[in-house]
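What follows is one structure encoded as structure tokens, with my remarks underneath.
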Amino acid sequence: EAQVTQNPRYLITVTGKKLTVTCSQNMNHEYMSWYRQDPGLGLRQIYYSMNVEVTDKGDVPEGYKVSRKEKRNFPLILESPSPNQTSLYFCASSLGLAGSYNEQFFGPGTRLTVL
Amino acid sequence: EDQVTQSPEALRLQEGESSSLNCSYTVSGLRGLFWYRQDPGKGPEFLFTLYSAGEEKEKERLKATLTKKESFLHITAPKPEDSATYLCAVQAWSGYSTLTFGKGTMLLVSP
């Protein structure tokens, strides 16, 4: 089954404790992206990657890191989480960026709480 | 700066009562406009992409249309299973690698 998976689905942590949220897709997609979704603010892009070893900042990159060493994986790293990073996080992927290749498939979400 | 405004924020319909959701946008050269459906606790699910004014796309009870300033998602004879939050997003030619999302319209269809 074609899908985007994220782990963990739920995470409660404390300020300053480094964490990684994994994202994996099995559709051989080139483009992958991370979003956060907050009430009243909608979905906002954190980082994206157009291919292996190619990453760039989205609208709200502060406090986050990413890496793309393999095509299928795109982990999101919070080196020193703070309470304002409490949010619902989504990973997404698409075949490319042009035309119908831009149909993004989203993962199920990771609900992060930073105390 | 690209902007997307969706209205209404919430809409309650009776089963069979047709209506439309609005997505107004400002973007420096529209590359594409996207509609997604999001169920509670799940990731958004792709519905449509529209590229140019006058374009229309349909899927079951949903029909999306596009003008130079806004897009409409028409829902004909909705059913309770159409209840969800509907998201609109735009992609500009400049900075084409990012999508700007609206805040969504929460639709509730009662039997």
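Going by the structure shown, is residue B:20 away from every other protein chain (no Cβ under 14 Å), within 24 Å of residue A:92 (Cα to Cα) and of a type outside the set (A, V, I, L, M)? Criteria not met by residue B:20. For residue B:60, the criteria (1) in contact with a Gly (Cβ under 9 Å, 6 or more places away or on another chain); (2) without any contact (Cβ under 8 Å) to a residue 40 or more places away in the chain hold in every case but one, which is (1). Residues in segment B:84-109 that are within 7 Å of another protein chain (Cβ to nearest Cβ), surrounded by fewer than 19 Cβ atoms within 10 Å (Cβ to Cβ) and assigned to a strand (DSSP E or B): there are none. The number of residues in segment B:60-83 being on the phi > 0 side of the Ramachandran plot and either part of a strand (DSSP E or B) or within 13 Å of chain A (Cβ to nearest Cβ) (or both) comes to 0. Those residues that are of a type in the set (S, T, N, Q) and without any contact (Cβ under 8 Å) to a residue 60 or more places away in the chain, I need them from segment B:68-111; list them, please. Of everything in segment B:68-111, those that are of a type in the set (S, T, N, Q) and without any contact (Cβ under 8 Å) to a residue 60 or more places away in the chain turn out to be B:71, B:76, B:83, B:85, B:97, B:98.
Could you run through segment B:14-33 and say how many residues are of a type outside the set (Ser, Thr, Tyr) and either crowded, with 19+ Cβ neighbours inside 10 Å or closer than 25 Å to residue A:103 by Cβ (or both)?
Residues of segment B:14-33 that are of a type outside the set (Ser, Thr, Tyr), as a first pass: B:14-17, B:21-23, B:27, B:29-33.
Checking the rest, the ones that are also either crowded, with 19+ Cβ neighbours inside 10 Å or closer than 25 Å to residue A:103 by Cβ (or both) come to B:21-23, B:27, B:29-33.
So the answer is 9.
Among the residues of segment A:26-72, those identified as under 17 Å from residue A:95 (Cα atoms), within 12 Å of chain B (Cβ to nearest Cβ) and touching a residue at least 40 places away in the same chain (Cβ under 8 Å) are A:30, A:31, A:32, A:33, A:34, A:50.
Those strands (runs of 3 or more DSSP E) of segment B:1-59 in which at least 3 residues are touching a Lys or Arg at 6+ places or on another chain (Cβ under 7 Å), considering only elements entirely within it, cover B:45-50. Taking the criterion of being hydrophobic (A, V, I, L, M, F, W, C) and under 20 Å from residue A:34 (Cβ atoms), the residues of segment B:89-111 that qualify are B:89, B:90, B:92, B:99, B:101. Would you check if there is a residue in segment A:81-103 being among the hydrophobic types (A, V, I, L, M, F, W, C), within 13 Å of the chain's Cα centre (by Cα) and more than 11 Å from chain B (Cβ to nearest Cβ)? No; the residues of segment A:81-103 include none that is among the hydrophobic types (A, V, I, L, M, F, W, C), within 13 Å of the chain's Cα centre (by Cα) and more than 11 Å from chain B (Cβ to nearest Cβ). Of the residues making up segment A:1-25, just one is at the interface with chain B (Cβ under 9 Å from one of its Cβ atoms) and of a type outside the set (Val, Ile, Thr), namely A:6. In segment B:52-74 there is no residue matching the filter, namely being within 22 Å of residue A:38 (Cβ to Cβ) and either surrounded by fewer than 20 Cβ atoms within 10 Å (Cβ to Cβ) or modelled with pLDDT of 95 or more (or both).
The values are calculated or read from the model by the stated rules, or taken from the named source; none is laboratory data. Treat the numbers as computed from the prediction; the structure is a model and nothing was measured. Positions of Cβ are backbone-derived with ideal geometry, glycine not excepted, and every protein chain shown enters the neighbour counts.
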